[in-house]
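Notes for the one structure printed next.
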Amino acid sequence: MSVESCVDFLQATQDRPELAQQLKAVTGMNEIIALGGRHGFDFTAPELARGSATFAATAEPAPAPAPPAETAFYHHEYDLAAVPELAGLIDELPRLKVRPPVDMGAFHARFRAEDLESTSQSPADPAFQAWHRQMMAAHWRDPADADAPRRDFHLVNLDEHVEHPGYQDYFEAKTNAIRLLEGVFGDEVRLSGAMWYPPRSYRLWHTNEDQPGWRMYVVDLDDDFPDGGATSFFRYQNPRTGELVTLRERRRIVRFFKAEQDPDKLFWHCIVNPTERHRWSFGFVVPEDWRSRLTGLRDE
Ligand SMILES: [Fe+2]
């Protein structure tokens, strides 16, 4: 275990294409440590923090991202099977949709009706804004339960769980997905988040303004919804009109949207699964010109 081993690992991710590829498929610190371990680099979380700082000081600066373009549409959504370039992702879904062993009793005990109800408010509502500011200041934790997970993420981040029997298969499916998407969109692609939304789960209103750019989310469920009116959904506020837009979900869809940094254009959005179904979403960073890479796609 050492900082040097961590720096060597980070250098190897630059020098060895297969490692660079695998790094694009991980989002969690535990995952990076586990990935290093599998390749013979042993380091701890504090060593990763120090090693990353050391490495960043010596590494070549990353190329500047392409300048953002104006967007007229705020979301694009398709059935995965209807996008020929992406339909291969369907084959990876069975191994991506893992359920790491978590204490579901404790999970459900953390459900807060008032938090869920906040997703029905407009982010422009002064009452919502006051509540949101207060919760942000408290880092979304209750003072009495400071060790509990944040209240704004009532879901399971798959990449925080590396110690279960399905992890290796899951990891391989993620790297397969990245490889497929690089073939479509180019080298910019990386995984941005892999989430399991068990029944009655949610991700509260947020903007992702600290990570601007286009995202692609693949969404799937454990089964169809019996009732088209009672589904999981993605809700956003149209930055231009203030209108709330609710996108009801079904199995195997792919959604594109863009997180903005400009305070006048923030892309407020939330995700709610108020149903008894299990929902998974896999998010990827994709380039500005993603649409032009999907030549098999007919206009919406
Ligand atoms: Fe988000």
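Throughout, read-outs are computed from the coordinates displayed, never taken from laboratory work. On a predicted model such as this, the values are computed, not experimentally measured, just so you know. Cβ sites come from the backbone with ideal geometry, for glycine too, and all protein chains shown count toward neighbours.
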If one builds a Gaussian network model of the chain from Cα atoms under 10 Å apart, the most fluctuating residue listed among ALA56, ALA12, ALA25 is ALA56
In whole Hz, the Karplus estimates of ³J(HN,Hα) for region 235-245 (6.51, -1.76, 1.60; θ = phi - 60°; x where Gly or Pro) are 10, 9, 9, 4, x, 8, 9, x, 5, 8, 10
Semi-axes of region 1-157 from the Cα gyration tensor (sqrt of 5 times each eigenvalue, largest first, whole Å) come to 34, 25, 21
Karplus-derived 3J(HN,Hα) from phi for region 100-106 (6.51 cos²θ - 1.76 cosθ + 1.60, θ = phi - 60°), whole Hz, x at Gly and Pro, runs x, x, 10, 6, 5, x, 5
Classified through the alpha carbon gyration tensor (a ≥ b ≥ c as square roots of its eigenvalues; rounded if a/c is under 1.5, else prolate when a/b is larger than b/c, else oblate), the chain comes out rounded
Descending packing, highest mean Cβ count within 10 Å first, for 200-212, 124-136, 270-282 is 270-282, 200-212, 124-136
Taking only C-alpha positions in region 3-58, Rg and Dmax in angstrom work out to 10.0, 26
Comparing GLY213, GLY28, GLY242 in a Gaussian network model of the chain (Cα, 10 Å), the one with the largest mean-square fluctuation is GLY242
Mean-square fluctuation maximum in Gaussian network of the chain, Cα pairs under 10 Å, restricted to VAL254, VAL285, VAL245, hits VAL245
The ³J(HN,Hα) series, computed from each phi in region 204-210 with the Karplus coefficients 6.51, -1.76 and 1.60 at θ = phi - 60°, rounded to the nearest Hz and given as x for glycine or proline, is 6, 3, 7, 10, 6, 5, 7
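How much net charge surrounds LEU48 when only other residues with a Cβ under 13 Å from its Cβ are counted (Lys, Arg +1; Asp, Glu -1)?
Its environment carries a net charge of -4.
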Restricting to lysines and to Cα separations under 19 Å from LYS24, and discarding same-chain partners fewer than 8 apart, the set is LYS97, LYS174
